[in-house]
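**Student:** Here's a structure for you.
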Amino acid sequence: GRRYAVRTNAEGWKDVDHARGPAKDRTRILVVGDSNTWGVVPLERLYTRRLEEILHRRGHAGVEVISMGVGGWGTDQALE
């Protein structure tokens, strides 16, 4: 019976917006997944956002974590 408001970025993913094109001064980690990656929690509590925060706190300020999760996806969709 709870309602959740979901914010997506400009690309339609539940994530913050990321710059397009090559990231010359950044290392990007792409997380492709299912409903566990999409998450039923606020954006700032997604494990991908938390991973990026942890990496930054540990001195890896140039790391960017990109989250691309869709509920119901399996390994076949991720492979596609």
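**Student:** Please indicate, with yes or no, whether at least one residue in the stretch 57-69 is within 12 Å of the chain's Cα centre (by Cα), surrounded by 12 or more Cβ atoms within 10 Å (Cβ to Cβ), part of a loop (DSSP other than H, G, I, E, B) and not aliphatic (A, V, I, L, M).
**Tutor:** no
**Student:** Separate question: Given (1) out of contact with any helix residue (DSSP H, G or I) (no Cβ under 6 Å at 6 or more places or on another chain); (2) closer than 23 Å to residue 2 by Cβ; (3) surrounded by 17 or more Cβ atoms within 10 Å (Cβ to Cβ), where does residue 34 come up short, assuming only one miss?
**Tutor:** (3)
**Student:** Take residue 10 and tell me if it is out of contact with any strand residue (DSSP E or B) (no Cβ under 7 Å at 6 or more places or on another chain), open to solvent by 60 Å² or more (accessible area, probe 1.4 Å), under 26 Å from residue 77 (Cβ atoms) and in a loop (DSSP other than H, G, I, E, B).
**Tutor:** The answer is yes for residue 10.
**Student:** Now, a different point. Answer yes or no as to whether residue 54 is under 20 Å from residue 18 (Cβ atoms), in a helix (DSSP H, G or I) and either open to solvent by 60 Å² or more (accessible area, probe 1.4 Å) or modelled with pLDDT of 85 or more (or both).
**Tutor:** yes
The values are calculated or read from the model by the stated rules, or taken from the named source; none is laboratory data. Keep in mind that this is a model prediction, so the values were computed, not measured. Glycine gets a Cβ as well: all are built from the backbone with ideal geometry, and neighbour counts include every protein chain shown. The area values use the complete protein model at the heavy-atom level, side chains included, leaving out ligands, DNA and RNA. Shrake-Rupley method; radii C 1.70, N 1.55, O 1.52, S 1.80 Å.
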